[in-house]
Every structure is written in C-alpha cells, then in structure tokens.
1. Where the accessible area of the chain is counted over protein heavy atoms with a 1.4 Å probe, how much of it, in %, is carbon and sulfur?
2. With springs only between Cα atoms under 10 Å apart, run a GNM on the chain and tell me which of Leu75, Leu101, Leu18 wobbles the most.
3. For region 107-115, in order, what is each residue's ³J(HN,Hα) by Karplus, 6.51 cos²θ - 1.76 cosθ + 1.60 with θ = phi - 60°, in whole Hz (x at glycine and Pro)?
4. To the nearest 10 degrees, how steep is helix 67-83 against the longest Cα principal axis of the chain, on a 0 to 90 scale?
5. Which one, (1) 32, 18, 16; (2) 25, 19, 13; (3) 29, 16, 10, gives semi-axes √(5λ) of the Cα gyration tensor in Å as derived from the coordinates shown?
6. Could you put Asp6, Asp43, Asp89 in order of accessible surface area, largest first, with the 1.4 Å probe and the full protein assembly present?
7. Taking the 0 to 90 degree range and rounding to the nearest ten, how far is the long axis of helix 23-39 tilted relative to the main principal axis of the chain, both from C-alpha atoms?
8. Run the count for the chain, please: Lys pairs, Cα-Cα under 15 angstrom, 8 or more apart or on different chains.
Amino acid sequence: HDSFYDRLFDIHPTCRSLFKNNMIVQGKALVKLITTALTMLNDLDNLVPVLINLAKGHTAKGILAYQYSIVGEVLLWTLKLCLGEAYNDNTQLSWLKIYSLMLSVILPVAIEEELKLKEKENK
C-alpha cells in the first residue's frame, strides 16, 4: 500500500490533506476494502451497502466524486508495479471491470452527497 499512496500523492498532492489517519492504518483499510469487494463480487446484496457507506463516509471527509478516477488510475498502476510480469491485459481488464462495478454504486451516491453538502452551504 506504500506504493499506492506514494503514487497518489505524487500525481495528486492535494489529496494528502484528506488523509488524517496514520498511513499504515490507511493502507490496511485500503487492503480491507479491496479484499471485501473481491470476496463479495458474487454477493452484490451485501456489497452495495458497503460501497454506499464508503461513498457517504468519503464525501463527509471531503473526497469528491472526480477523485475516484484518480484512485482507479493509481490502483491499476500499483497492481502493475506489484504484480510485475503477472500483470497482463486480462489482469487489467478484470480489475477495470471490478472497479467499474464499484464505481457504478459509489459515484451516484458520492454525487448526491456532494449536492446535499452544497445545498446546506448555500442556505
């Protein structure tokens, strides 16, 4: 997870301020989320609420919907780095499908939560 966050902060330095936790704790949370998503891929009834809560929690911490695309790019970069020669077109396609599935739940919730926050700010 160090490679992931190093890369994230290299390409999007403003993200650093969004992370209040110790980065070891944050890295463990990232691994746990990925593991949860992978183990629940065939159990969407249980995965969807996890992703909804994730989106709401992230929005409350100031993470914006567009930043998920940066995370996706960094995730693929990190997988390629860590897997080396084992990373191929099939691996990339599989991860793109998984992340796209996750985003199909996360993004609408994140956008809705952002709009609610803006409405509150404008009152």
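The values are calculated or read from the model by the stated rules, or taken from the named source; none is laboratory data. Being a predicted model, the structure only gives us computed values, none of them experimental. These area figures cover heavy atoms from the full protein model, side chains too; ligands, DNA and RNA do not enter into them. Shrake-Rupley method; radii C 1.70, N 1.55, O 1.52, S 1.80 Å.
1. Summing carbon and sulfur atoms, their accessible area is 57 percent of the total for the chain.
2. Of the options given, Leu18 has the highest mean-square fluctuation.
3. Ordered by residue, 3J(HN,Hα) equals 4, x, 5, 4, 5, 4, 5, 4, 5 Hz.
4. Helix 67-83 and the main axis of the chain meet at about 20 degrees.
5. (2)
6. In descending accessible area the options line up as Asp89, Asp6, Asp43.
7. With both axes taken from Cα atoms, the answer is about 80 degrees.
8. 6
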